[in-house]
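The values are calculated or read from the model by the stated rules, or taken from the named source; none is laboratory data. For clarity, every value in this text was computed on a predicted model and none was experimentally measured. Please note: Cβ atoms are built from the backbone with ideal geometry, for glycine as well, and neighbour counts cover all protein chains shown. These area figures cover heavy atoms from the full protein model, side chains too; ligands, DNA and RNA do not enter into them. Shrake-Rupley method; radii C 1.70, N 1.55, O 1.52, S 1.80 Å.
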Amino acid sequence: MTFHPEQRRATAALLTDLGWCQGTLHLPPMQSLMDFLNSGSPIVKLTRARVPSPPEPFAFVAVRREAIHLVAPTMDELVETPGAIGHTTPRDVVVLLDAGRVTGRLEVLRNLRVSDFLRQQMGLVALREATFTPHDATDPAATRRFPVALVNLARATGVAQTSGNGN
């Protein structure tokens, strides 16, 4: 008999080096998606995965963490551990990626500049009310909007604050 630990499922779209992949992540029941993805494992396991090519789904794909630019969960449920970051101020930012730009609202610790906050961050950061626009966006359908997007700072070329005080 095989033991299967209790897990919850979270579906998500992942922007990778290949393009958009979709699938189901399997997480411990009480762990946030952010904590799960920042756990340090070199791969992220997707089931019922769809990748840009071939069009048919795979039962399982192990995606290299370093190939992930952005994770967009389909539900805004336990994405971040409630209260984990502390008292924050929202800042509008744009994250510059190889594939395009992500605009959204970043919650920054009070009394910190965006640049100082980002210097302390490892791995993924959450952008609320996020919009991804590819660099070659000639088709308006290529722009995607998400209630929340987790952006891999290791894949970002830069982050610019677009409103508010400080830098």
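Against the numbered list (1) over 16 Å from T162 (Cα atoms); (2) in contact (Cβ under 8 Å) with a residue 60 or more places away in the chain; (3) surrounded by 12 or more Cβ atoms within 10 Å (Cβ to Cβ); (4) not polar (S, T, N, Q), L109 comes up short only at (2). With respect to the conditions (1) more than 17 Å from the chain's Cα centre (by Cα); (2) open to solvent by 50 Å² or more (accessible area, probe 1.4 Å); (3) over 17 Å from W20 (Cβ atoms), D139 falls short on a single one, namely (3). The single residue among E66, E129 that is in contact (Cβ under 8 Å) with a residue 24 or more places away in the chain, part of a helix (DSSP H, G or I) and charged (D, E, K, R) turns out to be E66. Please state which one of T11, T2 is open to solvent by 50 Å² or more (accessible area, probe 1.4 Å), of a type outside the set (A, V, I, L, M) and assigned to a loop (DSSP other than H, G, I, E, B). Going through T11, T2 in turn, just one is open to solvent by 50 Å² or more (accessible area, probe 1.4 Å), of a type outside the set (A, V, I, L, M) and assigned to a loop (DSSP other than H, G, I, E, B): T2. Note on segment 19-63: residues that are open to solvent by 70 Å² or more (accessible area, probe 1.4 Å), part of a loop (DSSP other than H, G, I, E, B) and at pLDDT 90 or above total 1.
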